[in-house]
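As structure tokens, the structure follows; a few thoughts come after it.
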Amino acid sequence: MTTPGTTSSPPNFGDGILRFPSASQVLTDAIEARAFPGCAFGVLAGGGFFEGGLGRFTYEPGSPAVTAGTVFDVASLTKVVATTAAAMLLDQRGRLEIDVPLGALIPDFVARRAPDDPARRVTLRHLLAHNAGLPGYVRLFEKASTPAALMRACLALQLEAEPGTRVEYSDPGFILLGAALEVLIGEPLPGWVRREVFAPLVMTATEFCPAPELRAVIPPTEEDRSFRKRRIQGEVQDENAYVLGGAAGHAGLFSCVPDLLRFAEAILNAGIARESSGVQPCLFDRRTVESFATRQEPKGSSRALGWDTPSEKSSSGKYFSRHSIGHLGYSGCSLWIDLDAGVAVVLLTNRTWPHRDNQLIREVRPAFHDTVRETLGSRVEV
């Protein structure tokens, strides 16, 4: 992992603050309103890449300034940039049967359950679509202090609904999905995605578990008063991921705007060979992207496979087409990709600093995305 803030950028990166003054003003106003102390953002449109950084690591005047290349804890963006990306590659390489029961890969998930337990019908598709019937969030870390104990607790969770019948955005579901993918690849997920996803896309600052010497140049996420009882900076904020060693299928990834725009470009360029690009645009093929971008059951769900899609009051605002995919991160991060318009927008913040109560990010996200799209206009020219 390279030092945060020093990652090289493709030659067509431009100044996002100058190119998107209205969007930058939305973010400046948000900082003044204390929605978050600082942020980095990026836009991919019409072959152009634009990035900017605003504010500081914390609200203290002497705190370091956020730059476009600042690395953040991207929280649940892990679910798409690492875990779903791995599932996509395994699927297109013929190594993933998406409708395989989870119990076939992890027998301990069903070993102690009754023969008619609906958990026996949970598949990888259900986990990706967040409709497995698992609970949304469980504070497993309060009783499990080791990775093995936490995984056992996760495997023992009871379903709250019949698989496929109810959408419940589930962290435990992606913890289990990550474990299932590790069975398929035969190694820990972080090393595999570093080699198979991040390295081909030159995502040099994207990594799980940053080295201790890099922590000071990563914005802190929280003053933890209850669990670790210290400032959380440069280590995963999510407590369940922390107990799992800092890396899991649902959280733990650290990344920056330039890297996430490279990832978005690979999604938008799926199946397109372009020798002049410094990025490997054919990492994903078009069939895979379309398959994983397709909304899943039950009817009315905005969830695709791993990805979310715009809903009626989406964080993506009102201009991203239904044929868009994206995801949010608890720390205040987001990634949205419009597959029709060829537009991607990244926003990274530490809105949980100093404490997680602040919810102003919910108002900032759609306003920011709307001003970006309004500046681009309907033809998406740069």
Looking only at the range 17-71, count how many residues are closer than 24 Å to GLU374 by Cβ, among the aromatic types (Phe, Trp, Tyr) and more than 21 Å from the chain's Cα centre (by Cα). 1
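Matching residues to (1) at positive phi; (2) of a type outside the set (A, V, I, L, M):
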site: ALA153; (1), (2): no, no
site: GLN158; (1), (2): no, yes
site: GLU162; (1), (2): no, yes
site: PRO172; (1), (2): no, yes
site: ILE175; (1), (2): no, no
site: ILE185; (1), (2): no, no
site: GLY191; (1), (2): no, yes
site: VAL202; (1), (2): yes, no
Hits in the range 139-158 (condition: surrounded by fewer than 20 Cβ atoms within 10 Å (Cβ to Cβ), closer than 20 Å to GLY103 by Cβ and touching a residue at least 40 places away in the same chain (Cβ under 8 Å)): ARG152, ALA156
Does ALA104 count as under 23 Å from LEU253 (Cα atoms) and at pLDDT 95 or above? no
Pick from the range 29-72 the residues that are part of a loop (DSSP other than H, G, I, E, B) and among the aliphatic types (A, V, I, L, M): which of them is surrounded by the most Cβ atoms within 10 Å (Cβ to Cβ)? VAL71
Scope the range 359-382; condition modelled with pLDDT of 95 or more and not in a helix (DSSP H, G or I); matching residues: GLN359, LEU360
Go through GLY178, GLY164 for me and flag whichever is of a type in the set (Gly, Ala, Ser) and either within 18 Å of the chain's Cα centre (by Cα) or not in a loop (DSSP other than H, G, I, E, B) (or both). GLY178
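The values are calculated or read from the model by the stated rules, or taken from the named source; none is laboratory data. If you're wondering where the values come from, they're calculated on a predicted model, not measured in any experiment. Here Cβ is always computed from backbone atoms with ideal geometry, including for glycine, and neighbour counts include all displayed protein chains.
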